[in-house]
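What follows is a single structure, written as structure tokens, with notes after it.
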Amino acid sequence: MSPHEHNSARPQARQADRERPPAPLPRRRFLQFSAAGAVAAALPVAAAGSALAVAPGTGRALAAPAAFGPEPPLMHGYSGPQVKEWSPATDRFARYLRSRVPLAPRIAPFAPTQAHPGLDPRPRLMVLANDYVQPGWETEGYPYGPVAEAYALRFWQYADLYASWHGLPLDGEHDAEEPPYGFINVPNPGYTDAAHRNGVRSLGCWFWPRPEDFAEIVEKTPQGTFPVADKLIEMAGYFGFDGYFINQEAVIPAEQAEALMEMLTYLARKAPEGFHVQWYDSLTVDGGIDYQNEFNAVNSPWVVTPAGERISTSIFLNYWWNDAKVKASREHALAHGLDPFEAVYTGQEIGKYQFGQPYDPAAIFPEGGEPRTSWAFLGSEMVWATVTGDKSTIAAQAPAYTRERQLWSGPAQDPSRSGRTHEPDTGKPLDPEGWDGTAHHIVEKSPIGRLPFVTRFCTGTGERFFIDGEHVGDRPWFDIGVQDLLPTWQWWVRDGDGAPSDAVRVDYDHTDAYDGGSSLRLTGGLKAGESAVVRLYKTALTLTATTSLGLVHRRSGGAAELTVGLVFADDPTETAWLTVEDAAGSGWSRWSRGLGRWAGRTVAAIGVGLTAGAHGAPDIAVNLGELRLTADEREHAPRTPAGFTVDRVVRAADVASVYLGWEFAPRGVAHYDLFRRTPDGGREWLGRTFDGAYCVPSLELGTESGTARLELEAVSPTGRRSEPAHTRLTW
């Protein structure tokens, strides 16, 4: 890998590419205030017990983009000295940049419900990519914000590890013409939330070179400790992520390389169970740079000692491999007592070559043979970046998400029909027909193994926001941290005989939702007696006498019968279908059915079906707003959140960034929703989080003095809401 301007490493495929000077990066246009309005104003807070609002405490003022407000929580990088001195008490945005979503366990592989039943489930996938790719991503790092132009990954079911590889400027340096970057950047907490919800580990990134003394990084105390290593563990614990991707890509003295290996060994001994350190194939044990492009005697000392002690959990191999090198990598791992799927990830430059890969994944996954290693991607956000032009609206982003489905599900955008139609052409990098699709080689995975299971199909971006079918927000937004569990297969559609069908199309609808910013929309037409079956979720849900199935849906066209199908693990060739009745009226219709007759059986997959009657069903249009399986509908509503206060406010002209806090009590809570009461007695949605702190990045105040009543509700996994907590903002 090599540095991309000040960002952390972008892997390259030729030496000439490393020597070519990087192109200048486009810079975001920042909001300009008048002299009077540019200063953040302290706003008094009327709520009892609230802290007096104050202006920023450390670092110079940042000029945030206009839509984002004057000072939203902003991520930054950390230098070696800053890591050694790190404390959440002095890291000014730390409280607002945490992930609290626990890492979900995944269910066991179950071949009969796989899109490819014969696919080996052992190979894993590492995804090293930019998060969001919102405007200005080169220097900015927001966990959420009030614009729709931000890429939110919709395919977590194939990844096992995720890391946002780009670097970030040091705190207070984001607006510098040439900002210094930290050697550590922690992962975006929104992405960690989504990753953990799907059972994916989230990693921070280490990148070297940086303009500081590497001796600071590998300093060892007389007591035998390594301050940087200790702080890396502490930072991961506080921010809620699972380890680090280490890209050490500059020559260092041999003694420093030796110290680094000792430090990583120390890190491995002290880190908690499940902590993952992935080493990039670059540095040699004597401090040189030599990309091996295979797992061998040169780079394996960074993974395991001769005595068998692990130093790194895994290695990300450089990209210039071939069949012989991948085969040798597997053999070298086995010779050292390592599981090649757990320890070796063969890298692929998705961002550079896109669909026209010169290094064929068939070397990793030989046709008709056993897979050899795990797989790693660099730059899967290319699906967004390669779609040029305006992407400020959800509709304009459709080509990017089409390309995303091609990357993950294959050129047919159906994981059960993955596979290339011709050999890849490096001269046509955006031709998906030369790409197999990730689903062709990596088994889809699922965390849906216990009740309740509830999804509202929220993708993590939107132009509106809805709660219980009510339209409560008109502003565009992005926050992948509130993304629901999305369908396992995107999109697997069959006719009544099991043949692939294009009669019914599936996609997310961001114009209407039951909860969140999107719903699932089925459109198309069926002739008399025809059916379409949409396989949605891979599960391992054991039913009880009180389990019920629920669906919230809305029809706007067509007369096809809507059904929900359950595939049971003990008889996966058959599907039990339940007919969904429509409620009277044209709004959202809630339907439920008890499943007690199947108590003790395990649901292995869930889908929906549409069947036309004797007169056919043209112009089908059905939105699914919620799908749920719950064990007991008598779930209690959460308690009213305690300690709801305004912590501080940063104001510029008629807009403010408002920092809020409360007592985080996660038991029985899926998330918290924030609102502002409107003058007509209604309420406006301000944000959603699973945490005890949140910043409303851009709250409109108006030029006159006034007050705003803010409300906070705790929401259970099935959607039951607490009584609201209140606080008041006065300006």
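Select from the range 161-173 the residues that are crowded, with 24+ Cβ neighbours inside 10 Å and assigned to a loop (DSSP other than H, G, I, E, B) and write down the one among them that is modelled with the lowest pLDDT. Explain how you work it out, then say what you get.
Within the range 161-173, the first condition is being crowded, with 24+ Cβ neighbours inside 10 Å, and the residues that meet it are 161-169.
Applying the additional criterion that residues be assigned to a loop (DSSP other than H, G, I, E, B) yields 165-168.
Details: TRP165: 85, HIS166: 80, GLY167: 89, LEU168: 92.
Top of the filtered list is HIS166.
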*With the condition kept exactly as written, say whether any residue in the range 362-378 is among the hydroxyl-bearing types (Ser, Thr, Tyr), touching a Gly at 6+ places or on another chain (Cβ under 9 Å), in a loop (DSSP other than H, G, I, E, B) and in the same structural domain as VAL200 (by TED's automatic domain parsing).*
no
_Please pick out the residue among LYS270, LYS231 that is closer than 30 Å to ASP691 by Cα, among the basic types (Lys, Arg) and in contact (Cβ under 8 Å) with a residue 60 or more places away in the chain._
LYS231
_Which numbered condition ASP497 fails, given (1) in contact (Cβ under 8 Å) with a residue 12 or more places away in the chain; (2) outside any strand (DSSP E or B)_ = (1)
*Among the residues listed as GLN406, GLN348, the single one being in contact with a strand residue (DSSP E or B) (Cβ under 8 Å, 6 or more places away or on another chain), touching a residue at least 24 places away in the same chain (Cβ under 8 Å) and either closer than 30 Å to VAL147 by Cβ or polar (S, T, N, Q) (or both)*: GLN348
*May I ask you to verify whether ASP390 is assigned by TED's automatic domain parsing to the domain that holds HIS116, out of contact with any Ser or Thr (no Cβ under 6 Å at 6 or more places or on another chain) and acidic (Asp, Glu)?*
yes
*asked:* Just to verify a result, which residue in the range 267-281, among those that are more than 19 Å from GLN348 (Cα to Cα) and not hydrophobic (A, V, I, L, M, F, W, C), is surrounded by the most Cβ atoms within 10 Å (Cβ to Cβ)?
replied: HIS276
_Let me confirm something: among PHE664, PHE644, which residue is on the phi < 0 side of the Ramachandran plot and surrounded by fewer than 21 Cβ atoms within 10 Å (Cβ to Cβ)?_
PHE664
*Would you check which residues across the range 74-90 are under 23 Å from TYR132 (Cα atoms) and part of a helix (DSSP H, G or I) and list them?*
none
*In the range 426-457, which residue that is within 19 Å of VAL127 (Cα to Cα) and among the charged types (D, E, K, R) is surrounded by the most Cβ atoms within 10 Å (Cβ to Cβ)?*
GLU444
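Kindly indicate whether ALA363 is of a type outside the set (D, E, K, R), in contact with a helix residue (DSSP H, G or I) (Cβ under 6 Å, 6 or more places away or on another chain) and more than 18 Å from ILE442 (Cβ to Cβ).
no
Within the range 372-385, is even one residue surrounded by fewer than 21 Cβ atoms within 10 Å (Cβ to Cβ) and either modelled with pLDDT of 95 or more or among the aromatic types (Phe, Trp, Tyr) (or both)?
Pass one, the range 372-385, residues surrounded by fewer than 21 Cβ atoms within 10 Å (Cβ to Cβ): 385.
From what is left, the residues that are either modelled with pLDDT of 95 or more or among the aromatic types (Phe, Trp, Tyr) (or both) are none.
No, the range 372-385 contains no residue that is surrounded by fewer than 21 Cβ atoms within 10 Å (Cβ to Cβ) and either modelled with pLDDT of 95 or more or among the aromatic types (Phe, Trp, Tyr) (or both).
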*Residues of the range 274-288 being within 14 Å of VAL251 (Cα to Cα) and among the hydrophobic types (A, V, I, L, M, F, W, C), which ones?*
LEU283, VAL285
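In the range 282-325, what residues are of a type in the set (A, V, I, L, M), in contact with a strand residue (DSSP E or B) (Cβ under 6 Å, 6 or more places away or on another chain) and buried (at least 21 other Cβ atoms within 10 Å of the Cβ)?
Restricting attention to the range 282-325, the residues satisfying the condition of being of a type in the set (A, V, I, L, M) are 283, 285, 289, 297-298, 303-304, 307, 311, 315, 317, 324.
Remaining after also requiring in contact with a strand residue (DSSP E or B) (Cβ under 6 Å, 6 or more places away or on another chain): 283, 303-304, 315, 317.
LEU283, VAL303, ILE315, LEU317 - these are the residues of the range 282-325 that are of a type in the set (A, V, I, L, M), in contact with a strand residue (DSSP E or B) (Cβ under 6 Å, 6 or more places away or on another chain) and buried (at least 21 other Cβ atoms within 10 Å of the Cβ).
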*Being touching a His at 6+ places or on another chain (Cβ under 8 Å) and outside any strand (DSSP E or B) is the filter; apply it to the range 704-731 and report the residue that is nearest to ARG634 (Cα to Cα).*
ARG720
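Rundown of residues vs (1) at pLDDT below 95; (2) surrounded by 19 or more Cβ atoms within 10 Å (Cβ to Cβ), yes/no style:
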{"residue": "ASP680", "(1), (2)": "yes, no"}
{"residue": "LEU686", "(1), (2)": "no, yes"}
{"residue": "THR707", "(1), (2)": "yes, no"}
{"residue": "GLU713", "(1), (2)": "no, yes"}
{"residue": "GLU723", "(1), (2)": "no, no"}
{"residue": "THR727", "(1), (2)": "no, yes"}
*What tally of residues in the range 337-368 results from selecting those that are among the small types (Gly, Ala, Ser) and modelled with pLDDT under 95?*
1
*If you go through the range 175-187 one residue at a time, do you hit one that is out of contact with any strand residue (DSSP E or B) (no Cβ under 7 Å at 6 or more places or on another chain) and crowded, with 21+ Cβ neighbours inside 10 Å?*
no
*Restricting the first residue to the range 102-119 and requiring it to be not assigned by TED's automatic domain parsing to the domain that holds THR542, which pairs with a second residue that is exposed (fewer than 13 other Cβ atoms within 10 Å of the Cβ) and at pLDDT 95 or above meet a Cβ separation below 7 Å and a spacing of at least six or different chains?*
ALA111/PRO117
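Anything in the range 263-308 that is of a type in the set (Asp, Glu) and either over 19 Å from VAL218 (Cβ atoms) or in contact with a Cys (Cβ under 6 Å, 6 or more places away or on another chain) (or both)? List them, or say none.
Narrowing the range 263-308 to residues of a type in the set (Asp, Glu): 273, 281, 286, 290, 294.
Those that are of a type in the set (Asp, Glu) and either over 19 Å from VAL218 (Cβ atoms) or in contact with a Cys (Cβ under 6 Å, 6 or more places away or on another chain) (or both): GLU273, ASP281, ASP290, GLU294.
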*Looking at ARG154, ARG124, ARG98, which one is of a type in the set (Lys, Arg) and touching a Gly at 6+ places or on another chain (Cβ under 7 Å)?*
ARG98
*Hey, GLU626 hits all of (1) in contact (Cβ under 8 Å) with a residue 60 or more places away in the chain; (2) assigned to a strand (DSSP E or B); (3) farther than 30 Å from ASP497 by Cα but one; which does it fall short on?*
(3)
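So, in the range 430-473, of the ones that are among the polar types (S, T, N, Q) and in a strand (DSSP E or B), which residue ends up farthest from GLN357 (Cα to Cα)? Even if it seems obvious, please write down each step before you answer.
Here is the first cut: in the range 430-473, the residues among the polar types (S, T, N, Q) are 438, 446, 455, 459, 461.
With the extra rule that they be in a strand (DSSP E or B), the set shrinks to 455, 461.
Values: THR455: 36, THR461: 30 Å.
In this case the residue turns out to be THR455.
Just the residues that are under 23 Å from GLY237 (Cβ atoms), surrounded by fewer than 24 Cβ atoms within 10 Å (Cβ to Cβ) and not charged (D, E, K, R), please, taken from the range 209-223.
Of everything in the range 209-223, those that are under 23 Å from GLY237 (Cβ atoms), surrounded by fewer than 24 Cβ atoms within 10 Å (Cβ to Cβ) and not charged (D, E, K, R) turn out to be VAL218, THR221, GLN223.
Applying the selection to the range 474-487, what residues are closer than 23 Å to GLY240 by Cα and either assigned to a strand (DSSP E or B) or not polar (S, T, N, Q) (or both)?
As a first pass, look at the range 474-487 and keep what is closer than 23 Å to GLY240 by Cα: 478-486.
The answer is PHE478, ASP479, ILE480, GLY481, VAL482, ASP484, LEU485, LEU486.
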*asked:* Can you say whether LEU334 is in a helix (DSSP H, G or I), surrounded by fewer than 22 Cβ atoms within 10 Å (Cβ to Cβ), of a type in the set (A, V, I, L, M, F, W, C) and modelled with pLDDT of 95 or more, as far as the supplied structure shows?
replied: yes
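The values are calculated or read from the model by the stated rules, or taken from the named source; none is laboratory data. Predicted model only: the values in this text are computed from it and were never measured. Note that we place each Cβ from the backbone using ideal geometry, even for glycine, and neighbour counts take in every protein chain shown.
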